[in-house]
């Protein structure tokens, strides 16, 4: 036999109301956030897997941002290296033309201009740091502005302000790549070659100002080899930088694919089925209304009144 009492009915109605409220709150949170739960406790046995996936995605996000920044750096670096390469080749061509025509008019002014272009390339800055300064990113890596600076300096090496530490970047958890170049490595050959021309120009066989004699022509002809070697040095750096750009682009694509896959995995574990959540919200609202109606009915009724009838 079931016992009938007003208190028991009240308790039952209140429990139904609280249960319906909890279901409604949970469904409302899921509909508003699109997530199964607002904390890890709500994911139950999936919590560990979800935490691991989110941690891995955070690392991949960091590597991807680093790759994007590095890609921009390599692009600016490529422009600077090509400018240095062009200046080196142009200096060599100016000397070859002077030898071919037997006339050095304007040669030294041309070489001075190419020195300026090379110096600008070596002192290229990106995001407030000198690209070719090694770890001394706040120090101007090349200090000469004129051909006479090359001959006035105690040595070509003294004109470079970079240190010996090349930039190294981490591309993923297991891969680091040397991506930096040093001004002294890039430009010592071309500056040495230009210094030789300026030394000759200022010496007893100079100046190189007009129609050349055989001694001047022979001297410049012999110097062409050093300019060719200097161009090869810079051109090799251009090629290496291009290889780095391709590698970073490839890794960036792989990281993007992994990021997309992890987003899908995390979504499968954490995203709610919106149609189902809306349906449960509606059912919870109906249940709450029904439980509230029952409670209101009990509140207006007395068990003693029923028994007296």
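FYI, it's all coordinate maths here, none of it is from the lab. This is a predicted model, so every value here is computed, not measured. Because the Cβ atoms are built from the backbone with ideal geometry, glycine has one as well, and the counts that use them run over all protein chains shown.
At a glance:
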| quantity | calculated |
| --- | --- |
| Burial ranking of peptide ranges 117-125, 214-222 (average Cβ count within 10 Å, highest at the top) | 117-125, 214-222 |
| For a label point 7 Å along the Cα-to-beta-carbon line of residue 109, residues of segment 191-228 with backbone N under 19 Å | 198, 201-202, 207-212 |
| Exposure proxy ranking, count of Cβ atoms within 10 Å, fewest first, for 85, 226, 55 | 55, 226, 85 |
| Separation of alpha-carbon centers, segment 157-192 and segment 96-119, rounded to whole Å | 29 |
